[in-house]
Every structure is written in C-alpha cells, then in structure tokens.
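Heads up: the structure comes next, in structure tokens.
Every number in this text was worked out from the coordinates using simple rules, so none of it is lab data. Model, not experiment: these values are computed from the prediction. Please note: Cβ atoms are built from the backbone with ideal geometry, for glycine as well, and neighbour counts cover all protein chains shown.
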Amino acid sequence: MSEPKYQRILLKLSGEALMGPREFGVDPDTVASLTSQIREVHRMGIQVAVVVGGGNIFRGVSNAAAGMVRATADYMGMLATVMNSLSLQDAFEKHEIPTRVLSAFDMRQVAETYTRPRAMHHLKSGRIVIFAAGTGNPFFTTDTAAALRAVEVGADIIMKATKVDGIYTEDPVKNPNAQRIERTSHMNVLEKQLKVMDATAISLCMDNKMPILVFQMTKPGNIVKAVCGEEIGTLVEESC
C-alpha cells in the first residue's frame, strides 16, 4: 500500500449517499459499507472529519416543507443532518472506532456543541469527528459547512464523495459523450458553473487555497486510493 499523501481530511457525504436503494431514509447495509471504507483510512492513522447532508431524510418531508419560509425549511434540513450524523456515529462505534458528533446547534443530550478547540482535540486524539447541523445558519448548504469546517480545522483536503467518478463537462447521465475533467481550478469551476459545490463553498475554498477531490465513493477502495494521492476523480486546486 502507498504512503498517505494527506494526514487530515474532511469527507463530504451527501445524505443521499446513505439511502442505498431506498427512496429516502438510511439503508443499514449502505452505511455499513461506507463506514468500513472510512475505517480503513482511520486505521492508517489519518485524522478524519465528516460532514453529511440531510437530503435523504428531508426528501421524506419535502412535500410538507413546500411553501414554508426558507429559513424554517433550512432548519429542518439541518436537523436531518444531525440524525444522519448519529446514524454514522453508531456505525463507527460498532466497529470500535471512537467517534464524536459536534453540532452547530446546542443539543447536549445527543451531541457535543461545536467549538474549534474541541474538534481539534478529538481529531488529534484519534477520534473521527462528524460535524452536524451545517453552519447552524439558514441559507447555507452543507457544502459550505464542509468548506468552513475544513478551513477551521486545517484539513489538507476536502474529499467529496459522489455517485460518479469526478467532474464532467456535462451531466454524464444525460450525455454519455461528456468528458471527465482530471484537474481544474476553483476559478474555472466558478466561471464554467461546474456542478461541484455551491459558489459560496467554492469561493471559500479558493480564498483559503483548500483543494477539493471529487471522487466515486461507491467503488470499494477508492477512499484509500484518494488518501494515498492516486489519480482518481477530479482534483480542484489553486492552479492547474
């Protein structure tokens, strides 16, 4: 096995990544597969932080949220990320991996309240840290939360797990002739409006020289390859 290229990573998972074949909710087999892959990286001594979305849960109540004030709907979405974070924590703990959920909301019965020193302490102590409840503010996505937390804890890279193997010139589902981009810059992503993260998240990464790797998580072994710097997916960096 190659030597790790990164020592501290932030892994961004969509809520949909936890659904598996279900229409919404959490699929235990899918979560078990994800945590098994992340466990391999943790055993390599890599400090791992995770941000997970809430789309898999919010999708189940999206009809009820239609017509709601945007801020209220966003708060519901942030609560959904807490539920997903607890699900991941349970899966990690079953594998005897010490894990802490740090929430942007004060929810002491189920999670620790986020502070940067607390997050740094847990990471340096060898615990996986799961950041829940986004930034704690409406109108910001979990992509922006991932960018913010990555910068705060000094991650080497953001690894965004997706269903496809990188960024394409067009949607590869709609256009089978779309070309995969191996390397690009933050500015190019913004200018060409490539579907990576929202503009706020990309701008924050660009301002802080935070690289982003977009890769396919569903392929076993990919996260280890990513940590070891193998050329998979698409790398977004300061210059290319």
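Computed quantities for the displayed model
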| quantity | calculated |
| --- | --- |
| Neighbour count of at most 16 Cβ within 10 Å plus DSSP loop: longest GluC sites (Glu not before Pro)-free window in the chain | 97-169 |
| DSSP H segments from the chain that extend 15 Å or more along their own axis, Cα-based, with Kyte-Doolittle mean of 0.5 or above | 142-153 |
| When each of 124/195; 192/219; 160/209; 12/94 is checked by Cα-Cα distance, pairs over 26 Å | 124/195; 192/219 |
| Per-pair calculated FRET efficiency, R0 = 22 Å: residue 90 and residue 125 via Cβ, rounded to 0.05 | 0.65 |
| Positive-end extreme of charge dipole, the stretch 8-237 - chosen from 82, 153, 14 (charges on Cβ) | 153 |
| Distance in nm between pseudo-label sites at residue 169 and residue 207 (7 Å out along the Cβ direction from Cα) | 3.3 nm |
| Signed unit charges on C-beta, dipole axis of the chain, positive-most listed residue 200, 133, 235 | 133 |
| Surrounding net charge for residue 168, when Lys and Arg each add one and Asp and Glu each subtract one, Cβ distance under 15 Å | +3 |
| Global form of the stretch 8-237, assessed from the alpha-carbon gyration tensor, a/c cut-off 1.5 | rounded |
| Antiparallel DSSP beta bridges within the chain, as percent of all bridges there, nearest 5 | 15 percent |
| Charged-residue dipole, Cβ positions (Lys, Arg, Asp, Glu), the chain about Cα centre, Debye nearest 20 | 320 debye |
| Inter-part distance where the stretch 11-51 and the stretch 91-113 are each reduced to a Cα centre, Å | 15 Å |
